[in-house]
1. Given the criteria touching a residue at least 24 places away in the same chain (Cβ under 8 Å), in contact with a Lys or Arg (Cβ under 8 Å, 6 or more places away or on another chain) and not acidic (Asp, Glu), does residue 371 qualify?
2. Within the range 117-153, how many residues turn out to be open to solvent by 50 Å² or more (accessible area, probe 1.4 Å) and farther than 13 Å from residue 97 by Cα?
3. Among the residues of the range 518-532, is any open to solvent by 60 Å² or more (accessible area, probe 1.4 Å), among the hydrophobic types (A, V, I, L, M, F, W, C), under 30 Å from residue 454 (Cβ atoms) and assigned by the TED database to the domain that holds residue 590?
4. From 445, 460, 384, grab the single residue that is of a type in the set (A, V, I, L, M), at pLDDT 95 or above and more than 30 Å from residue 522 (Cβ to Cβ).
5. Restricting attention to the range 533-551, which residues are open to solvent by 20 Å² or more (accessible area, probe 1.4 Å) and under 60 Å from the mean Cα position of the chain (by Cα)?
6. Which of (1) in a loop (DSSP other than H, G, I, E, B); (2) open to solvent by 40 Å² or more (accessible area, probe 1.4 Å); (3) assigned by the TED database to the domain that holds residue 83; (4) not β-branched (Val, Ile, Thr) is the odd one out, the single condition residue 198 does not satisfy?
7. From the list 425, 420, 410, 363, exactly one residue is free of Cβ contacts under 8 Å to residues at least 40 places away in the same chain and over 46 Å from the mean Cα position of the chain (by Cα). Which is it?
8. Within the range 90-107, track down each residue that is small (Gly, Ala, Ser) and surrounded by 15 or more Cβ atoms within 10 Å (Cβ to Cβ).
Amino acid sequence: MHFYHFYSVREAPHLNNTLLPVALCVLTLMPHSLLGKSSKEDNTGSSALLHRIKRGWVWNQFFVLEEYTGLEPLYIGKLHSDMDKGDGSIKYILTGEGAGTTFTIDDSTGDIHAIQRLDREVKAQYVLRAQARNRLTDRPLEPESEFIVKIQDINDNEPRFLDGPYQATVPEMSKIGTSVIQLTATDADDPTYGNSARVVYSILEGQPYFSVDAKTGMVRVSLADMDRETRENYTVVIQAKDMGGQLGGLAGTTTVNITLSDVNDNPPMFDQRLYQMSVPESVPVGSVVGRIWAKDRDTGVNAEMKYSIIDGDGRDTFDISTDPTNLFGIITVKKPLNFENKPSYTLKVEGANTHLDLAFHHRGPFKDVTIVHVSVEDVDEPPVFDLPAYYIELPEDTEIGTVMKTVSARDPDAANHTVRYSIERSSDPEKYFYIEITSGSLMTVRLLDREEVGWHNITVLAMEMNNPTQISSVSVAVKVLDVNDNPPSLTDYLEAYVCDNAKAGQLIQTVTAVDPDEPLGGQHFYYSLAPEAANNPNFTLRDNQDNTAWILTRRGGWSHQGQTVFYLPIIISDSEQPVQTSTSTLTIRLCSCDQGGNVMSCNAEAYSLPTSLSRGALIAILACIFVLLVMILLMLSLRSHHKKPYLCDEEENVHENIVRYDDEGGGEEDTEAFDIAAMWNPREAHPNLGKMRQDMLPEIESLSRYIPQACVMGGGGDGGVHGYVLAKLLEADMDPCAPPYDSLQTYAYEGEGSVAESLSSLQSGTSNTDHEYDYLNEWGPRFKKLAEMYGVLDTNSPPPW
């Protein structure tokens, strides 16, 4: 198969002098090399399809220009097979990249055309495959051949600055030729073909300050000593043109915004040669007086300043520092001011740059000087004490009214007004001290006690007489010194125990003492037994001379049958003057101990429990307690069970009515429920003891109806009463439904024949005199309990202990 490609003048006008002669030479050589075949080889028939056919010549590349804009499809070339006789029996097939969409082939003639616009920058070449087939049988006549269609470049893309617009910075006062920024333009055309991608740079705007290198695109400074303070920002327009800048080349532009950065090329300068300031004399140290500013045309760190006072009579009274922005100088008070002593000050202040550039040192000096005049204003000041604070030491036995210190304050103003003194009450709430209002003398008005309050911090106030608002204060610290005024006493517990198996000379207790006083040389105590106990046969005391003492036994053979509690008085004295002495009593109990000296048991007032009680003993004790609780609960249960039958529904009063009222008590009408006359006079007792209320019936009628009236009325003496009571008692004992709770019962006969006569209180309201119950002691032992209830005791009875 042969590939033919033709270039016409219309298709590629710029290739007339180069490719056209080559194309003509190809057309001239092809027929001679392809037609020199034998007729035998032509008559092989169908066997030729089974053998590789020798091609005369193959040219497997086509070239076509991009961006064709014609109305007709662009002719690419022609495919031709040696077996094509021109009778239309051969069909040409085109496959590969863009086949059918970008490229088409005439299946009869083999002509190839481009039906879409080609762009080399999108795709530079296409790989296609061609084959000749029998039109009728669709069998391949030759193997498939591959060829390439290459797209030739034309200058259809201008240079582009991909990162524009650009921002650049260059220091001011830069020299000519200083590099500013490197620019690069990109051309999408083929850099290997012609001058389409050859870019040349030029400056369109920004002269005479800047220039650009035509080949490299480097922007440089072209004007010396450009001053930022005069002009800071510049706009430069750079052009990039292809075709080497020739006429007809395409061009692209970009903008470069160039900013001049600051350098320290300007010295600072104060805007005033003399500053006038004033400040009240009462301002505290550290107060701001004013601020000054040495202006600098530079910015940033190049404008930062440092200020200092280099001369003047106020160098020691005032100070100057830089504010947080490092631009202004802040003048502050260094020492207290006093208008009466000095009413004005003069300061010579210098301001200098902190960051110097040696390249511009010749433009200096980078500092300036100004004068500051400060006037002190007079104000009415509060009194001033002669000391900032007072410290006083005072013994705790100081007498009331003792002058301990005299404070002094004066008016610092020229008027020198009179000062009055007082104590701030919140600092002395207990009022231990007093100050004389005119002299300032401090004195005590209460006794001091170091053990109660060791320090007193009071505040003394001084006030001007003519202006009470002018008040000052001072702190007075009073330390109360110790005096030996407290006796020592035993510490810890005042009880001990001695084992019944203790021997003579055995240590039973170590005692120590404590004293709230704090002598300078430290505490030292002396121990001894009280004179009345010095010769006791049981215990002795040994002073160890180290502020402790031992309690020792003097004998053995202790017995619980004799004395079990011993009281041992101990005298403790200190070593300071005046010597203080106290007596403490140590209680010693006799206890049973094991062989190791551990307490097992003491008497009813035992000092402590044994510490070595075994686990088995504890379990046994707990078991006994548990059994005892069970027995108590069982007895209570049996007792309640035994009384339960008496709580029956058929409850009737043995002697009188038991009634229930659904309304509130009726006062005097309630007495109608029973015949109260029987209690007033037994001889007038009515036989019918069950008189009912007129307004309500009781729920349970009287039980007395079951008792023969003869039992009640028979006899008028003591025998009748005795019989009546026995009958009722027998009835209650035999009746399982008798109520066990309290009930109101009246008896027909009350103890008229007894020694005490009637004890009823029903008629007690008739007497307005107070009752005396001393006679209860005369009634014998049966009324002893009643006498105790009414608070009557026999003074001749022995004490309970």
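1. Against the criterion (touching a residue at least 24 places away in the same chain (Cβ under 8 Å), in contact with a Lys or Arg (Cβ under 8 Å, 6 or more places away or on another chain) and not acidic (Asp, Glu)), residue 371 qualifies.
2. Adding up the residues that qualify gives 12.
3. yes
4. 460
5. Once the filter is applied, which keeps residues that are open to solvent by 20 Å² or more (accessible area, probe 1.4 Å) and under 60 Å from the mean Cα position of the chain (by Cα), the range 533-551 yields 543, 544, 545, 546, 547, 548, 550.
6. Status for residue 198: all satisfied but (3).
7. On inspection, the qualifying residue turns out to be 410.
8. Passing the criteria: 96, 98, 99.
The values are calculated or read from the model by the stated rules, or taken from the named source; none is laboratory data. Since this is a predicted model, take the numbers as computed values, not measurements. No Cβ is skipped: glycine too gets one built from the backbone with ideal geometry, and neighbour counts run over all protein chains shown. Ligands, DNA and RNA are stripped out before the accessible areas are found, and what is left, the full protein with its side chains, is counted by its heavy atoms. Shrake-Rupley method; radii C 1.70, N 1.55, O 1.52, S 1.80 Å.
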